[in-house]
Structures are given as structure tokens and as C-alpha cells.
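Chemist: Just dropping this structure here.
The values are calculated or read from the model by the stated rules, or taken from the named source; none is laboratory data. These numbers were taken from a predicted model, which means no experiment stands behind them. Reconstructed Cβ throughout: ideal geometry from the backbone, glycine too, with neighbour counts over all protein chains shown.
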Amino acid sequence: MDKPVNNRAWFLVMPVLALVAFSALLPLMTVVNYSLQDTFGGNQFFWAGLEWFEDVVHSDRIRAALGRQVLFSASILAIEIPLGIFIALNMPKKGVWASFCLVVMALPLLIPWNVVGTIWQVFGRVDIGLLGYTLTKLGISYNYVNDPIAAWITIIVMDVWHWTSLVALLCYAGLQSIPDAYYQAAKIDQASRWKVFRYIELPKMQGVLLIAVLLRFMDSFMIYTEPFVLTGGGPGNATTFLSIDLVKMAVGQFDLGPAAAFSLIYFLVILVISFVFYTLMTKEGEAL
Amino acid sequence: MTQITLENLAHSYLPNPSKDEDWALKPMNMVWEDGGAYALLGSSGCGKSTLLNIISGLLVPSKGRILFGDSDVTALPTLERNIAQVFQFPVVYDTMSVRENLAFPLKNRGLPLDQIASRVAEVAEMIGMAEILDRRARGLTADAKQKISLGRGMVRQDVNAILFDEPLTVIDPHMKWELRTQLKDLHRRFGHTMIYVTHDQTEALTFADQVVVMYDGQVVQAGTPQALFDAPEHTFVGYFIGSPGMNLLDAKIDGDAAHVAGTHVSLAKGYGPLKGHTQIGIRPEFMRLGTGDEGLPFKVNRIEDVGHHRIVRGQVDGANINVVVPESQPLPADANRVIPDPAHIHVYTDDWRVDPARQERAA
């Protein structure tokens, strides 16, 4: 079919372009502007070139934060994706219990992030928190305020509690779209439970899994509110992730130049890793 | 391979069936002979698929038993029944190649690899996919996928029966004919019991030795295509088999005479007293047109020439009647009568055929 070519159609996308320009492009360019200059206030700027970028790349502090960030995202993906699939597979397919499960599963997703942080902050306290108090009474040494391992475990469990539902609900939707005939055919073909999962359910979930992995990766890589409320980045720097470090640098120390360079690199890292995930998973999907 | 027996089988999808219409399958007894080619024919929603799923074990019947040979399999899961089934819409394992799809049921049964390979090659040849065995199943056309489904159904040699649930719905017409011929051929070569569900009478009559007609949750007649044509046990069979279907006229029966709309029609046999709604049924092939006073008054509405014969559509006393006139016979322009052939008139009460011989024995 021939499609008519009319360049005036570009005018129709102008409003969107204008909106995106004001909401994303212009602020981003301001950041670029800061990242290349130095200022001592008073709206006076000096050209700094790539100095800030070099500083950020060579900074031990930021490298350490990046390491923690990668470890965190990898941990929660390794837990939430399989757990989400497992929950979705075991949720009832229809009936009252299906609705009940859906509501219960959706609940954590509806809680504001800083409230989630506060809930776990209180929950884990050794003096009044149900979890912290119980563990301590049981003789288990647990104190997220001064023990880095306890702090990490708490943050990971909190994130799993908060976000596994998202993965489970996406997978559940994927599973619901599989016609009954597939399961019947698998029975006729005498396929084992594992083979049903491997050859019917997993391929049909592939699309939603890609979305789930991307969303969970991006969100976890940018995580700020919950660890900030729970541990404030401590003990020491044990749970200082990239965004917490960035805020410290930009707002705490008012190092606008390095913070701007940091932001841009941060943004590029997320973009590149997301792209890699996307490419790998679509390729993998074809090979699956 | 084995004989399949249904004993007082009934099924309802409701937990507590009380009324007659709650039952998707009404109690039935039936024997599927080992090695038979059966067609299960009926309109949509008459319980064909339910019956099929009960035989394959995807459904557990509410009542009755299923026997494979002498062993009761009613409670056995599909896995242990060793049955192949092909569904209406294609089911393929997207991520596997055509070859892996065909090999899947054999692999699951743990057959040696060389046997799997030779069997897959054979089936691939049969469904015409030998060239594309290494293609990924995803992205094939719907009828190619359905051919894979058919292939997976036929790949196992040791199955007790192969069930087809309207398998050619998504297939091109010319391909349909070809695949049906291949199924028939397969049946001849390997002698599997085959049950073929369809609502298409041509499909049923060309495929099967025995046609089982279902209507409203029950088997109304099972027999050879010829028997179904000659003596439909139920008005639904008369209507469903044949094109056009059997003509039905309300009638009063008195011995060997029927009174239709004030006209006397003689019957080949005598009948005893009948109760209920009585009708006579005559196939359009056994009526001829007339111009005199003989036969039933007939008003011609329309004549359709379908090639080797003509179908004259008209009315007798307000009831629609079709008459088939062979191409060789002249069509009287002033036809105002239809004359039924007494030897082919059947009498029905409340939709069931009355057999005068049996009536006599009962009396």
C-alpha cells in the first residue's frame, strides 16, 4: 500500500516536541551546562571542560557507590524475578480467591515509597519494632543501625516486599493469556510440569518478563527514598547508593559541577544497561 | 489399541445438575470398536467436544464409566490413557522447531532417538513439511501450525485412539481434502481407532466408516453413512445428513395410510396406533413432481440448479418441501403436485422414527 507523504504532518507532533523540550530536554541541557563549567555563586561561570567528568570517573567514592548499586540491583533482580514467576504460577486462575490474591498482591504497590521506608524503619527497630525486637529476643544479633549486613538484608527484604508483586502481577497477566488448549495439548503429549513451564508458560511470559526486568532494573538502580528513610545511607557508607551519593554531592556539598557530570554519567549508565538488557532478552527470546 | 466402551456415561458442567437441560451429555451407552474410523457429527454445542474430552481424560464424567478394553479408566488422567488428540485451533510449541514439535510426544515417552528420528521423518513427509523441519514453529501460518498439531497427534504409533476435534477448521479448502485423504490413508495403514468430531457432514461422510450423530447431549444415531441416509432414526439426523435435508410433514397415521393436509398418502408398511406429535419424513431424492391429481398439492417457489441435479423448493400446506430432480429428468413447467415414494417414507413420533416391525413385536 502506498502511504501519502506530507511533511506538514510534522506540525502535528510539534506540541509534543515542545512539551518534551520543556519537561526533559531543556532541564537536561542545563545539567550539561553545569557539568562543563565551574561556579562560585553569583551567577558567574568559568569553563571547566571535561574536568568534572574526569573527577567523577576517577572518584573512589563514586566507584564504591556504583559497586554497591550494581550489587543491590543484581540481588533484587535475582530474588524478585524468580519469586514473582513462582507466585504467579501458584495464584488461583479464577474465582473469588483470584480476586482476593490480586488485591493483596497489589497492596504493597499502592503504598508511597517513603511510607514503605518508614514502615520498615519502625518494623526493624530493636526497641519497639516487631521484627527487630523479636529477632533480638530470639538471640539473633540484628541491628540495621550499626551492622552493615543487617542494613543490607533489611533493604533487600524491603524491596522484595515492595516490588515482587509487580513482577508477579505482570507474569500473572501473561499466564492468563494462554488458552486452555495449550495445557490440554501438553497433557496429551505427556509433557512434565517442568516442560509445560519451559515450553508453554515461559515463552508466553517472555514479553511481560522483559518489561518486568527493565522496570525493576531501572527502578532499583535509581532507588533513593526507601534506603534514605530507612538507613540514610549508613551505617557509614554501607548503603549509600548512587542517587543518595548524588543528592549529598549536589544539595549537601553544593558541588554543582561534579554533581551534574555525575548525573549525566549515571543517566548514560542506566540507558546503556537497559539497552543491553533489552537486546539480550529479545535475542534470547528468539533463541528460547 | 483397544476397544472403548462408554457405560451410562453422563456429564454436567454444573455441580448439582437437577433439570434435564443441566446435562451437557445425557446418559449414554456406546462402544467404539478397535480400529474403527468414527465421525462424531452434530451442530455446535451438542456435546461433541465434551464427549471427546471425557474419552481423552481431560474431563472426568459426572456419571458412568469408560472402559479401555476391560479396564476402567474413568479416573485415570490423560497421561496414563495414551491417547492422542488434535484440537480445533493449532497448538504448537512456539520456541521449538518443527522437528522438535513432532518429536515432543515421543521424547516425553522416552523412545530411543533413532526411532524418534525415523518416525518424525515419516510424519513430516505425510504432512508435507519434510523441507521445513528445522524452521522455528513460531511465525508459520495457521494452517502450517495446524498441520504440525495433526502431525503431533499421529506421531505416536502405540496410542489407544486418535481424537480429532474439528481439526480442519483453520485449513484451506483444497488442503482440507488432501489432509482428510491422508488421515484416511493413515487409518488404513495403521488401524488406529479414530474419532473425528465435525459439524460438516461432507467431512464426516468422507472420513468415517461409522457416523455418530449427536443432538442435544445425546447420541441419536450411530451407523454407516448409508444407514443414516436411508433410515434416519431421529428427525435431526434426517435434517442434518443430506443436502437438502429430509422433508417433514405433520401427518395422521392410520394403518398403512398417512393423512397429510387432507390428502391420502399410502405407506409401504402398516403402523399400529401412535401417540404424540406424528410426522412423515421423505428425503428430497425420493419425491417426484407431478401435474395430475396424484400426490400432495405443491406450490413451487424456487428452482436451484446445482449442476448434476436441480433442487425445487416449494410448499405443501405451508410446510417447506424440497424435491431433487436429476438433470436427466424433465421439469414440468406446471408442476402442482409432489409424489413421495412409499418405500422411502418414514414415520416419526416426537422426532423419533417408528419401526413398524418393532412396533409389532412390542404389541
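Chemist: May I ask you to verify whether B:Tyr13 is exposed (fewer than 15 other Cβ atoms within 10 Å of the Cβ) and of a type in the set (Phe, Trp, Tyr)?
Modeler: Criteria met by B:Tyr13.
Chemist: Take A:Ala191 and tell me if it is away from chain B (no Cβ under 14 Å), modelled with pLDDT under 90 and buried (at least 20 other Cβ atoms within 10 Å of the Cβ).
Modeler: When the stated conditions are applied, A:Ala191 does not pass them.
Chemist: Taking the residues in region B:231-280 that are at pLDDT below 85, small (Gly, Ala, Ser) and touching a Phe, Trp or Tyr at 6+ places or on another chain (Cβ under 8 Å) as candidates, determine which candidate is surrounded by the most Cβ atoms within 10 Å (Cβ to Cβ).
Modeler: If we take residues in region B:231-280 being at pLDDT below 85, small (Gly, Ala, Ser) and touching a Phe, Trp or Tyr at 6+ places or on another chain (Cβ under 8 Å), then B:Gly242 is surrounded by the most Cβ atoms within 10 Å (Cβ to Cβ).
Chemist: Would you confirm, using the coordinates I've provided, whether B:Phe87 is among the aromatic types (Phe, Trp, Tyr), under 22 Å from B:Val155 (Cβ atoms) and more than 14 Å from chain A (Cβ to nearest Cβ)?
Modeler: no
Chemist: While we're looking at this one, here's another question. Search region B:49-80 for residues being within 9 Å of chain A (Cβ to nearest Cβ) and crowded, with 17+ Cβ neighbours inside 10 Å, and hand back the single one that is farthest from the chain's Cα centre (by Cα).
Modeler: The selected residue is B:Thr78.
Chemist: Report yes if A:Gln184 is over 22 Å from the mean Cα position of the chain (by Cα) and outside any helix (DSSP H, G or I), otherwise no.
Modeler: No, not satisfied.
Chemist: Yes or no: A:Val160 crowded, with 21+ Cβ neighbours inside 10 Å, assigned to a helix (DSSP H, G or I), of a type in the set (Val, Ile, Thr) and at pLDDT 90 or above?
Modeler: In short, no.
Chemist: Among what's in region A:208-226 and is of a type outside the set (A, V, I, L, M) and free of Cβ contacts under 8 Å to residues at least 60 places away in the same chain, pick the residue that is farthest from the other protein chains (Cβ to nearest Cβ).
Modeler: A:Tyr224
Chemist: Related question: Answer yes or no: is there a residue in region A:138-152 that is within 30 Å of A:Ala98 (Cα to Cα) and away from every other protein chain (no Cβ under 14 Å).
Modeler: No - not one qualifying residue is present in region A:138-152.
Chemist: All but one of (1) within 12 Å of chain B (Cβ to nearest Cβ); (2) out of contact with any Ser or Thr (no Cβ under 7 Å at 6 or more places or on another chain) hold for A:Tyr199; state the number of the condition that does not hold.
Modeler: (2)
Chemist: I would also like to ask the following. Considering only region B:103-120, I want to know if a residue exists there that is closer than 29 Å to B:Leu205 by Cα and either surrounded by 15 or more Cβ atoms within 10 Å (Cβ to Cβ) or away from chain A (no Cβ under 14 Å) (or both).
Modeler: Looking through region B:103-120, none of the residues is closer than 29 Å to B:Leu205 by Cα and either surrounded by 15 or more Cβ atoms within 10 Å (Cβ to Cβ) or away from chain A (no Cβ under 14 Å) (or both).
Condition check ((1) closer than 24 Å to B:Leu296 by Cα; (2) outside any strand (DSSP E or B); (3) among the aliphatic types (A, V, I, L, M); (4) under 12 Å from the mean Cα position of the chain (by Cα)) across all residues:
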{"residue": "B:Thr206", "(1), (2), (3), (4)": "no, yes, no, yes"}
{"residue": "B:Val212", "(1), (2), (3), (4)": "no, no, yes, yes"}
{"residue": "B:Gln221", "(1), (2), (3), (4)": "no, no, no, yes"}
{"residue": "B:Gly238", "(1), (2), (3), (4)": "yes, yes, no, no"}
{"residue": "B:Gly245", "(1), (2), (3), (4)": "yes, yes, no, no"}
{"residue": "B:Ile253", "(1), (2), (3), (4)": "yes, no, yes, no"}
{"residue": "B:Ala258", "(1), (2), (3), (4)": "yes, no, yes, no"}
{"residue": "B:Gly270", "(1), (2), (3), (4)": "yes, no, no, no"}
{"residue": "B:Gln279", "(1), (2), (3), (4)": "yes, no, no, no"}
